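To start, the structure itself, in C-alpha cells.
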Amino acid sequence: MEHWKEENKEIVEAAKVIRKGGLVLFPTETVYGIGANALNDEAVKKIFVAKGRAQDNPLILHISDMDMLSQIADNISELEYRLMDAFWPGPFTIVLNKKEGIANVATCNGNTCGVRMPSNKIAHDLIKETNCPIAAPSANISGRPSGTNLKDIMEELQGKVDYMIDGGECEIGLESTVVRVIGNEVRILRPGKITKEEIESVASSATIDKNVMGSINANERVLSPGMKYRHYAPNTQCVLVYGEDNEKMVEEILKIAKENRKALILSTTENMEKYIGFECLDMGSKINLLEISHNIFSLLRKVDTYEVDVAIIEGVKAEGLGLAIMNRLIRACEHHYIEVN
Ligand code: TXA
Ligand code: MG
C-alpha cells in the first residue's frame, strides 16, 4: 500500500483535493472529467460554475466498486444488475433510483442518479483512493466539444480546477452510453461505445430514445436533460453530409466546397484523395469507427482555427458505434445536414 502511494503521488494528491472539496481534472476511457466529491453539495456546485452548466442537467456519479453503488442507489432491478455486470467497468452509464437525501446538487434534486464505473486505471484508482463517489461531467465549457486530451482543454479550464492529472489521450473519445431501464425495456438516452446491439445481447429489448437524432423543442420534457442543450458546435458554420452512396456523397461535398470562398472538409481516410485542392482533415478510416470516435472531438476543436466559411463533415453509417458518432456530429452541425441518395 505504502509502495502504491509512493508510485502514485499524483493520484494521492488529487484524492486529497477532492476530499477537501476541490475540483480535479482526470482522464477516463471515454473523455476527461471534472470531478468533485458527489456527496459534498458545495463542492459539486463549483463544477456547475466552472463549466457554465445548466442547473437542470444532472452529473454522472462515478464509482470504483459495488459497495459505493449501495451508498447512492436504491431498488435496483435484476435487469439493471445484469447490465452493470455486463458493461462495468466501462463506458456505460445507467440511470437508477437515487437513495433519498444524498448528492442533491449532482442530481439536480431529482430522484434518480446516473452511475458509471470507469475502466480507466487512473480514474478507478482516483475514486478508490478518494473513497467516495465522484460526480464528473465531461471536461469542457458547456457547449464545447468534450476534452479528450489535456492539451485541448488546458487553456479553457486553466484556473477553474484545483488539480489536473494528465493521462494522455482518451482511448474512446466519445462519452459513455447512457441508459434507463423502463420495465423490461432498456432505453438508450445517449449512444456511445456500448452499442444497442451489445445491450440487446443482455436485455430482451433496447430502444433508442427519439431525441437521440431528432431536434428538441426548448420546452419539451426529456428523460436526459443533456439532450436538449447546444453541444459540440464550433463557431464556424458546419454541415454534415451523409448517404449510402459514397460517390454521390463526395460529389455533394465537392459541390458545397466549390460554392464557398473557403471550405474545410473533414473526410474519412478513404476519401481524402478525392478532395485534392481543398483544405482537409483526416477523421480516420470508415472501417475503423473507433479511430473516428477517438479523433472527432479534437478535430471539431480545430475547425475554428482554419478560418473558413464552412466546414463540411462526412457522415458515417448510423449503426453500432456509428450511431454515437452521428449523434455528436448532428449536434456539432446544429442540425444542418444533407442526406444524399
Ligand atoms: O463518458 C462520460 O459519460 C463522461 C465521463 C467523464 O465519465 N461524462 C459525461 O458527463 O459525459 P456529462 O455531464 O457531460 O454528460 C452526462 C449526461 C448528460 O446528458 C446528462 O443529462 C445525463 O448524462 N444524466 C446524468 N444523470 C442523469 C439522470 N439522473 N437522469 C437522466 N440523465 C442523466
Ligand atoms: Mg458533456
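Below is a table of values for the structure above.
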read-out	value
Selection within the range 261-316 - surrounded by fewer than 17 Cβ atoms within 10 Å (Cβ to Cβ) and either in contact (Cβ under 8 Å) with a residue 40 or more places away in the chain or of a type in the set (A, V, I, L, M, F, W, C) (or both)	ARG261, LYS262, MET272, ILE276, ILE287, LEU290, ASP304, TYR306, GLU307, ASP309
Meets criteria (out of contact with any strand residue (DSSP E or B) (no Cβ under 8 Å at 6 or more places or on another chain), at pLDDT 95 or above and within 16 Å of ligand 2 (Cβ to nearest atom)) for ASN140	yes
Odd one out for SER119 among (1) assigned to a loop (DSSP other than H, G, I, E, B); (2) within 16 Å of ligand 2 (Cβ to nearest atom)	(2)
Output for the range 162-199, where each listed residue is β-branched (Val, Ile, Thr), more than 15 Å from ligand 2 (Cβ to nearest atom) and not in a strand (DSSP E or B)	ILE165, ILE194, THR195, ILE199
Residues located in the range 16-38, provided they are of a type outside the set (Ser, Thr, Tyr) and part of a loop (DSSP other than H, G, I, E, B)	LYS20, GLY21, GLY22, LEU23, PRO27, GLU29, VAL31, ALA38
Candidate set from the range 83-104 (those that are assigned to a loop (DSSP other than H, G, I, E, B) and open to solvent by 30 Å² or more (accessible area, probe 1.4 Å)); member that is nearest to LYS128 (Cα to Cα)	PRO89
Of all residues in the range 123-144 being under 18 Å from the mean Cα position of the chain (by Cα) and outside any loop (DSSP other than H, G, I, E, B), the one that is nearest to ligand 1 (Cβ to nearest atom)	SER138
Breaking point among (1) open to solvent by 40 Å² or more (accessible area, probe 1.4 Å); (2) at pLDDT 95 or above; (3) in contact with a helix residue (DSSP H, G or I) (Cβ under 7 Å, 6 or more places away or on another chain); (4) part of a loop (DSSP other than H, G, I, E, B), for GLN55	(2)
ALA135, sole failed condition from (1) within 16 Å of ligand 2 (Cβ to nearest atom); (2) not assigned by TED's automatic domain parsing to the domain that holds LYS51	(2)
Filtered residues of the range 173-188 (kept if more than 12 Å from the chain's Cα centre (by Cα) and open to solvent by less than 10 Å² (accessible area, probe 1.4 Å))	VAL179, VAL186, ILE188
Residue in the range 4-11 that is more than 13 Å from ligand 1 (Cβ to nearest atom), of a type in the set (Phe, Trp, Tyr) and either open to solvent by 30 Å² or more (accessible area, probe 1.4 Å) or in contact with a Leu (Cβ under 7 Å, 6 or more places away or on another chain) (or both) present	yes
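The values are calculated or read from the model by the stated rules, or taken from the named source; none is laboratory data. Note that the structure is predicted; figures quoted are calculated from it, not measured. For neighbour counting, all protein chains shown are included, and Cβ atoms are generated from backbone atoms with ideal geometry for every residue, glycine included. Only protein heavy atoms, including side chains, enter the accessible area calculation; ligands, DNA and RNA are left aside. Shrake-Rupley method; radii C 1.70, N 1.55, O 1.52, S 1.80 Å.
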